[in-house]
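Undergrad: What follows is a structure written as structure tokens; I'll ask about it next.
The values are calculated or read from the model by the stated rules, or taken from the named source; none is laboratory data. On a predicted model such as this, the values are computed, not experimentally measured, just so you know. Cβ atoms come from the backbone with ideal geometry, glycine included; neighbour counts cover every protein chain shown. SASA here: full protein model, heavy atoms, side chains in, ligands and nucleic acids out. Shrake-Rupley method; radii C 1.70, N 1.55, O 1.52, S 1.80 Å.
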There are 2 protein chains.
Amino acid sequence: MNIETITFENNTLRIINQARLPGKYERVALTSLEDVINAIQSLMVRGAPAIGIVAAYGFYIHVKNLKAEGPLPIDKVVHSADLLKNARPTAVNLQWAVDRMLNIYKINENKHNLLELLKDTAIKIHQEDKESCERIGQYGARLISDSMHILTHCNAGILATGGIGTALAPVYTAYKEGKNIHIYVDETRPVGQGARLTYWELTHNNVPATLIADNMAAGLMHMNKIDMIIVGADRIASNGDVANKIGTYGLAVLAKHHGIPFYIAAPCSTFDMRIKRGDDIPIEYRPDHEITGYWQIDNMNYHVYNPAFDITPADLISAIITENGVINKPNKKNIQSNLKPEEFVL
Amino acid sequence: MNIETITFENNTLRIINQARLPGKYERVALTSLEDVINAIQSLMVRGAPAIGIVAAYGFYIHVKNLKAEGPLPIDKVVHSADLLKNARPTAVNLQWAVDRMLNIYKINENKHNLLELLKDTAIKIHQEDKESCERIGQYGARLISDSMHILTHCNAGILATGGIGTALAPVYTAYKEGKNIHIYVDETRPVGQGARLTYWELTHNNVPATLIADNMAAGLMHMNKIDMIIVGADRIASNGDVANKIGTYGLAVLAKHHGIPFYIAAPCSTFDMRIKRGDDIPIEYRPDHEITGYWQIDNMNYHVYNPAFDITPADLISAIITENGVINKPNKKNIQSNLKPEEFVL
């Protein structure tokens, strides 16, 4: 099965509605700014790179819609871009992609082919991400040996990107190379990206996988049943601290305790060099019912704490796998050398 | 609200059906061996001490039922005891309680007041547990200071015992003493003993509590928001290794990394001095649907790993709080000194 997370064909943006997976496979067309923001906020599309791609297409669609209505003041475009960028606060790829689109808009505001240029840029962002995934896969697969058991958390796979994933790219690449591997999938409470998305896409690609509750990973590590941990990232500070799905930090501490390599896989668009350290990354808090809903205690006045992300300090990270190579023991200096100069400019 | 987890009135054993909490509060009478085994296996009653108490009453009820039918060969009683003891494999209090009942049976088999002696022993086991909880509360509360934030996992409270709990006994006692405390409650996947039971009983007793997903505890520790961790135990090996609800081991590792005290609270009936170390404790594996059910992926042929317990090595445990006192840095020697001689005899 060929999973196409995001398609843009005949000028129409379509996504898989990931909020319904795996019970229902449904493709949804997004035809307005509101559609796109709603899709991002309701987790119909999620995963830092995928959000960026959809937002880029969304920006183009929105400008096209507005232009059809009449003259378009720049203030209105900037305001729309802000709405898009603020749809979710943690993943920086969203801001990065929208700023890149806005920049193209500003430079070419009065050109007759503005819409074509915007469309081409969105397609380029999509295509670049696909290629980044491939390269992350190639670099990351070198770290994977035959017979390895690999733990992943949340979903940083095909469904989170425009390609074969970030954390799962090395997995798919190693599997294609014929390596005999097995993946432990954290269900990833509260939203279940592991149980609903990662397990689904791995098994659709025939990669052997076992589903566990998040709190079972530690015991497996104690029994030497996990050889490597790979997860994605929603934002990486300039010192290498990583914001990723809640639960990531705990896995990094457990990995250190057990001497297990702990890898982050992410495209360079995930780095935010304006931010010094992880504690400065804004963390999104999600509604209580994501936790209470399951237990049918929604109406019982529970006090709930539900951050969507946590911060993993750089010193717990063995390496960050990017499309430009593997950054071992990440710090400001080796991150800067790894990023191409244009990554700093929006 | 006075929560009575287990009652024995007018010769009738009744339990709260914990599988239905907190949505439905329902008391169920258990009138046969089958009732009792089913209640234990389906988690209508759970928590190591509570299982032991219910099994003791169950043994009495079963012998009474059999005696009413005619002569009762000892083989049949031993067989029934084995069925009870094997209802769940990890918690040793179950075996301990049934063996104690069986011993009374064997010693008094031919006495006219056998049934009275069995009934009295079951009531005594129940009463002793209640008193143990009180004493655990008193010893444990000394470790709790004003303004502490305490994390607990699973349910080791009123609903898990014949009294005010094991892990939660120090919490209730400190709260009664007027200490201003706040409890973080792990929801405890997959079965949700934290979300369904611990939060429910804490708030019914007015103790301030916040519900979190299990994977959120690490981030709270990183932010210095957790001052202490207290959990219960299902079995403690003679070297101090502890089997407890899956997820406990990971919390112990995280506690060590963050310099947070990690306490086990359990009655002496939880120690199994026949067992050398944690890895020798049998671990129960539960059905897949406990994990897959939530995500509505039951019918999707998921490969699932679902252990109900994990092992925390003694060297990660700051102390074990028992009814006989606090065992700091537990090891075989100080555990033996803490247990009264009669604890070794069944």
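Undergrad: If you count, for each residue, the other Cβ atoms within 10 Å and average over each peptide, how do A:215-225, B:91-101 line up from highest to lowest? Can you show the working numbers first?
TA: Values: A:215-225: 21.5, B:91-101: 25.3.
Descending packing order for the listed peptides: B:91-101, A:215-225.
Undergrad: Compare the peptides A:261-268, B:25-32 by average per-residue count of other Cβ atoms within 10 angstrom and give them in order, highest first. Each step should come with its number before you reach the end.
TA: Values: A:261-268: 24.4, B:25-32: 14.0.
Most protected by this proxy first, the peptides run A:261-268, B:25-32.
Undergrad: Given a Förster distance of 41 Å, report the FRET efficiency between B:Ala19 and B:Asp75 from their Cβ-Cβ distance, rounded to the nearest 0.05.
TA: Values: r = 33 Å, r/R0 = 0.81.
Computed FRET efficiency for B:Ala19 and B:Asp75 comes out at 0.80.
Undergrad: Of B:His258, B:His112, which has the most accessible area with a 1.4 Å probe, and how do the rest follow in descending order? Show your work: numbers first, answer last.
TA: Values: B:His258 45, B:His112 180 Å².
Greatest to least solvent exposure: B:His112, B:His258.
Undergrad: Okay, next question. For A:Arg88, what accessible area in Å² do you get when you roll a 1.4 Å probe over the heavy atoms of the protein chains, rounding to the nearest 10?
TA: Using a 1.4 Å probe on the heavy atoms, I get roughly 20 Å².
Undergrad: Then there's this: Which Cα, out of A:Asn155, B:Ile297, B:Thr248, lies furthest along the positive dipole direction of the protein assembly as shown (beta carbon charges, K/R +1, D/E -1)?
TA: Comparing the listed Cα positions along the dipole, B:Thr248 ranks first.
Undergrad: Once both axes come from the Cα atoms, what is the angle between helix A:248-258 and the longest principal axis of chain A, in degrees from 0 to 90, rounded to 10?
TA: Between helix and principal axis, roughly 30 degrees.
Undergrad: Kindly provide the trypsin sites (Lys or Arg not before Pro) of region A:238-340 that DSSP labels as loop, not H, G, I, E or B, and whose Cβ sees at most 14 other Cβ atoms within 10 Å. List each step's numbers first, then the result.
TA: Working: sites: A:Lys245, A:Lys256, A:Arg274, A:Lys276, A:Arg277, A:Lys332, A:Lys333; in loops: A:Arg274, A:Lys276, A:Arg277.
Of the trypsin sites (Lys or Arg not before Pro), the ones in loops of region A:238-340 whose Cβ has at most 14 other Cβ atoms within 10 Å are A:Arg274, A:Lys276.
Undergrad: Something else: How well do other chains shield peptide A:242-255, expressed as the mean number of their Cβ atoms within 10 Å of each residue Cβ?
TA: Details: counts 0, 0, 0, 1, 6, 7, 3, 8, 13, 3, 2, 9, 6, 0.
Mean partner shielding for this stretch: 4.
Undergrad: When only alpha-carbon atoms count, how far does chain B stretch along each of its three principal axes, as whole angstroms with the largest first?
TA: Sorted largest first, the three principal extents are 65, 52, 40 Å.
Undergrad: Additional query: Given Cα pairs under 8 Å that are at least 6 residues apart, what percent is the relative contact order of region A:136-201? Provide the component values of the computation, followed by the final result.
TA: Numbers: 108 pairs, mean separation 27.1, N = 66.
For region A:136-201, the relative contact order is 41 percent.
Undergrad: Follow-up question, since we're still on this one. Which aspartates and glutamates, if any, have their Cα less than 14 Å from the Cα of A:Lys329, not counting same-chain residues under 8 positions apart?
TA: A:Asp241, A:Asp315
Undergrad: I want the antiparallel fraction of DSSP beta bridges within the protein assembly as shown, as a percent rounded to 5. Before the final figure, lay out each step's value.
TA: Numbers: 38 of 76 bridges.
Taking every DSSP beta bridge with both residues in the protein assembly as shown, the antiparallel ones total about 50 percent.
Undergrad: Next question. Reachable lysines from B:Lys225, Cα under 16 Å, same-chain residues fewer than 8 places away excluded?
TA: B:Lys256
Undergrad: With axes computed from alpha carbons, what is the tilt in degrees of helix A:92-107 against the longest principal axis of chain A, rounded to the nearest 10 within 0 to 90?
TA: In chain A, helix A:92-107 runs at an angle near 20 degrees to the longest axis.
Undergrad: Taking each residue of A:256-264 in turn, how many C-beta atoms of other protein chains fall within 10 Å of its C-beta, and what is the average?
TA: Numbers: counts 2, 7, 1, 0, 0, 0, 0, 0, 0.
Rounded to a whole number, the mean comes out at 1.
Undergrad: While we're looking at this one, here's another question. Quick one: compute the contact order of region B:212-305, relative version, from alpha carbon pairs under 8 angstrom and 6+ residues apart, as a percent.
TA: Working: 97 pairs, mean separation 28.0, N = 94.
Relative contact order for region B:212-305 comes out at 30 percent.
Undergrad: Using a Cα-Cα cut-off of under 22 Å, which lysines could be cross-linked to A:Lys106, ignoring same-chain neighbours fewer than 8 residues away?
TA: Counting by Cα, and skipping residues close in sequence, A:Lys106 has these lysines nearby: A:Lys64, A:Lys67, A:Lys76, A:Lys85, A:Lys119, A:Lys124.
Undergrad: Given an 8 Å cut-off on Cα distances and at least 6 residues of separation, report the relative contact order of region A:260-339 as a percent.
TA: Values: 83 pairs, mean separation 29.6, N = 80.
RCO, region A:260-339: 37 percent.
Undergrad: If one takes the longest principal axis of the Cα atoms in chain B, at what angle in degrees, from 0 to 90 and to the nearest 10, does the Cα axis of helix B:114-141 lie?
TA: 10 degrees
Undergrad: Another one. Using a Förster distance of 30 angstrom, determine the FRET efficiency expected from the C-beta separation of B:Ile3 and B:Lys106, and round it to 0.05.
TA: Details: r = 35 Å, r/R0 = 1.17.
Computed FRET efficiency for B:Ile3 and B:Lys106 comes out at 0.30.
Undergrad: Considering only DSSP states other than H, G, I, E and B, which GluC sites (Glu not before Pro) in region B:155-250 qualify as loop sites with at most 16 other Cβ atoms within 10 Å? Kindly include the intermediate steps, with their values, before the conclusion.
TA: Details: sites: B:Glu177, B:Glu187, B:Glu201; in loops: B:Glu177, B:Glu187.
For GluC sites (Glu not before Pro) across region B:155-250 that sit outside H, G, I, E and B with at most 16 neighbouring Cβ atoms in 10 Å, the list reads B:Glu177.
Undergrad: Oh, and also: Given R₀ = 35 Å, FRET efficiency for B:Ala68-B:Asp99 by Cβ-Cβ distance, to 0.05? Kindly include the intermediate steps, with their values, before the conclusion.
TA: On the way: r = 24 Å, r/R0 = 0.69.
With a Förster radius of 35 Å, E is 0.90.
Undergrad: Same structure again: How many percent of DSSP beta bridges within chain B run antiparallel, rounded to 5? Please report the intermediate quantities before stating the final value.
TA: Values: 19 of 37 bridges.
Counting DSSP beta bridges with both partners in chain B, the antiparallel share is about 50 percent.
Undergrad: How would B:Ser238, B:Ser337, B:Ser147 line up by accessible area, probe 1.4 Å, largest first? Could the numbers behind the result be given before it?
TA: On the way: B:Ser238 5, B:Ser337 95, B:Ser147 65 Å².
Largest accessible area first, the residues go B:Ser337, B:Ser147, B:Ser238.
Undergrad: Let me ask another. Considering the protein assembly as shown, what Rg and Dmax in Å follow from its alpha-carbon atoms?
TA: Considering the protein assembly as shown through its Cα atoms, Rg and Dmax are 28.2, 105 Å.
Undergrad: Dividing the Cα convex hull volume of region B:223-346 by residue count, how many Å³ per residue is that? Walk me through the numbers before you get to the answer.
TA: Working: hull volume 16.1 nm³, N = 124.
With only Cα atoms used, region B:223-346 gives 129 Å³ per residue.
Undergrad: Under the definition of partner shielding as Cβ atoms of other protein chains within 10 Å of a residue Cβ, what is the mean value for peptide A:14-24? Present the calculation step by step, with values, prior to reporting the outcome.
TA: Values: counts 0, 0, 0, 0, 0, 0, 0, 2, 5, 5, 1.
Going residue by residue through A:14-24 and averaging, the value is 1.
Undergrad: Follow-up. So for the pair B:Ala29, B:Gln127, with labels modelled 7 Å out along Cα→Cβ, what separation do we get in nm?
TA: If labels sit at B:Ala29 and B:Gln127, their model points lie 2.4 nm apart.
Undergrad: Using only the heavy atoms of the protein chains and a 1.4 Å probe, how would A:Phe59, A:Phe8 rank by accessible area, largest first?
TA: Values: A:Phe59 5, A:Phe8 40 Å².
Descending accessible area places them as A:Phe8, A:Phe59.
Undergrad: Right, something else. Does anything in region B:78-116 have its amide N under 20 Å from the 7 Å Cα→Cβ label point of B:Ser42, and if so which residues?
TA: Backbone N within reach: B:83-89.
Undergrad: Magnitude of the Cβ-charge dipole of chain B, K/R +1 and D/E -1, about the Cα centre, nearest 20 debye? Can you show the working numbers first?
TA: Working: 34 positive and 37 negative charges, 77 e Å.
Roughly 380 debye, rounded to the nearest 20.
Undergrad: Grab the Cα-Cα distance for A:Gln138 and A:Asn206, subtract it from 0.36 nm times how many residues apart they are, and report the gain in nm with one decimal. Before the final figure, lay out the partial values.
TA: Working: separation 68, 0.36 × 68 = 24.48 nm, distance 1.90 nm.
Full extension from A:Gln138 to A:Asn206 adds 22.6 nm.
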